[in-house]
Amino acid sequence: MPADENREVPEHVAIIMDGNGRWAAARGRPRLFGHQAGARRVSEIVAACPGLGVRYLTIFAFSTENWKRSRAEVSGLMALFRRYIVKEAQRLTVNGVRVRFIGDRTRLDPALVRHMDTLETLTRDNDQVHLTVALNYGGRDEIARATRRLAAEVAAGRVDPGDIDACRVERYLDTHGLPDPDLVIRTSGEARVSNFLLWQSAYAEYEFVETLWPDFTAEKFAEVLAGFGKRERRFGAVRA
């Protein structure tokens, strides 16, 4: 489905993929069944990005708060992440997708981290779509980790406190080198940001859709993008 060249297309779309559990419950299935369906939907949306004109896609896969879920669900999710990386590695590479992971890796299983590192290395020269996966990620946690690194630089005398501004802080964020999202989508009808890309989304447009993530098709994605093209973005300025 080609992008309409007569309208503005968001270069970077971020998605809070919500509703897997409710989708599964509505079918009388366990929550992990919904997460598996959601993983398949990720593949479809990534594949649709080039035709829709989206170059950067960031997805919220697992938050720092998700550790509060049951041990069985967390273990199942971690196993699903490993399988997805292994299964999709070749397809992502062939399709020119560059993959990055953001978030705190220190709590993740070392085997999973090795798969993440391998996929990042394997796809680092790709430029068709830039897929960023937020895994054990939280916006406040990211800012806190960035602040600690910046404070260490100040303590070591490598950074003058007077030189710290927004651009300097951005260099220490997980997303350094990526453009800020133009559009943040949350599925499942919930209207909250859930600690996702708090710094980066300062001027993003938000779209809260009722559709549960496993039902969020490429066609629905295109509809949301079309709505974005009708918005006027002034970034704090006043229309002349």
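Every number here is computed from the coordinates shown, using simple stated rules; none is lab data. Here the structure is a predicted model, which is why all the values come from computation and not from measurement. FYI the Cβ positions are ideal-geometry reconstructions off the backbone, even for glycines, and counts take in every protein chain you see.
If you wrap a convex hull around the Cα atoms of the range 39-81, how much volume per residue is inside, in Å³?
Here the figure is 74 Å³ per residue.
Can you list, largest first and rounded to whole Å, the semi-axes you get for the range 59-139 by taking the square root of 5 times each eigenvalue of its Cα gyration tensor? Before the final figure, lay out each step's value.
On the way: eigenvalues 105, 34, 22 Å².
Semi-axis lengths for the range 59-139 are 23, 13, 10 Å.
Okay, which of the range 111-152 sit inside 11 Å, backbone N to the point 7 Å along the Cα-Cβ direction of ALA89?
Residues 114-123 fall inside that zone.
Please compute the Cα-Cα pair-distance distribution of the range 191-231 with 5 Å bins starting at 0, giving whole percents from short to long.
The percentages, shortest bin first, are 5, 18, 25, 24, 23, 6.
Dividing the convex hull volume of the alpha carbon atoms of the range 64-108 by its residue count, what do you get in Å³ per residue? Mind showing how you got there, number by number?
Working: hull volume 3.6 nm³, N = 45.
In the range 64-108, the Cα hull volume divided by residue count equals 80 Å³.
If you average the sequence gap of Cα pairs under 8 Å that are 6 or more apart and divide by the length of the range 1-160, what percent do you get for the contact order? Mind showing how you got there, number by number?
Values: 203 pairs, mean separation 41.2, N = 160.
Reported relative contact order: 26 percent.
When the Kirkwood hydrodynamic radius is evaluated over all pairs of different C-alpha atoms of the range 164-215, what value in angstrom, to one decimal, is obtained? Provide the component values of the computation, followed by the final result.
Details: mean 1/r = 0.0802 Å⁻¹.
Kirkwood radius, the range 164-215: 12.5 Å.
For the range 1-142, what are the per-bin percents of Cα-Cα distances with bins 10 Å wide, up to the bin holding the maximum?
In order of increasing distance, the bins hold 11, 40, 35, 13, 1 percent.
Would you mind getting me the FRET efficiency between CYS167 and ALA144? Use the beta-carbon distance for r and R0 = 25 Å, nearest 0.05. Display every interim value, and only then the final one.
Values: r = 19 Å, r/R0 = 0.77.
Here the calculated transfer efficiency is 0.85.
Can you list the residues, at least 5 places off or on another chain, whose amide H is less than 5 Å from the amide H of ARG100, using H built in the peptide plane?
LEU131, THR132, VAL133
Hey, quick one: spin label on ARG231, modelled 7 Å out along Cα-Cβ, who in the range 40-68 has an amide N within reach, i.e. under 16 Å?
Within reach of a label on ARG231: 54-58.
Express the C-alpha Rg of the chain as a ratio against the empirical globular expectation 2.2 N^0.38 Å, rounded to two decimals.
Cα Rg divided by the expected 2.2 N^0.38 Å: 1.04.
What residue among GLY138, GLY227, GLY157 shows peak mean-square fluctuation when the chain is described by a Gaussian network model with Cα springs under 10 Å?
GLY157
Residue separation times 0.36 nm, minus the C-alpha to C-alpha distance between GLU223 and SER70: what's the value? Walk me through the intermediate numbers first.
Values: separation 153, 0.36 × 153 = 55.08 nm, distance 3.50 nm.
Working it through step by step, the gained length comes to 51.6 nm.
To one decimal place, what Kirkwood hydrodynamic radius in Å is obtained for the range 97-240 from all pairs of distinct Cα atoms? Don't skip to the answer; put the middle values down first.
Numbers: mean 1/r = 0.0563 Å⁻¹.
Radius from the Kirkwood sum: 17.8 Å.
Provide the convex hull volume over Cα atoms per residue for the range 129-198, in Å³.
Taking only Cα atoms, the range 129-198 has a hull volume of 116 Å³ per residue.
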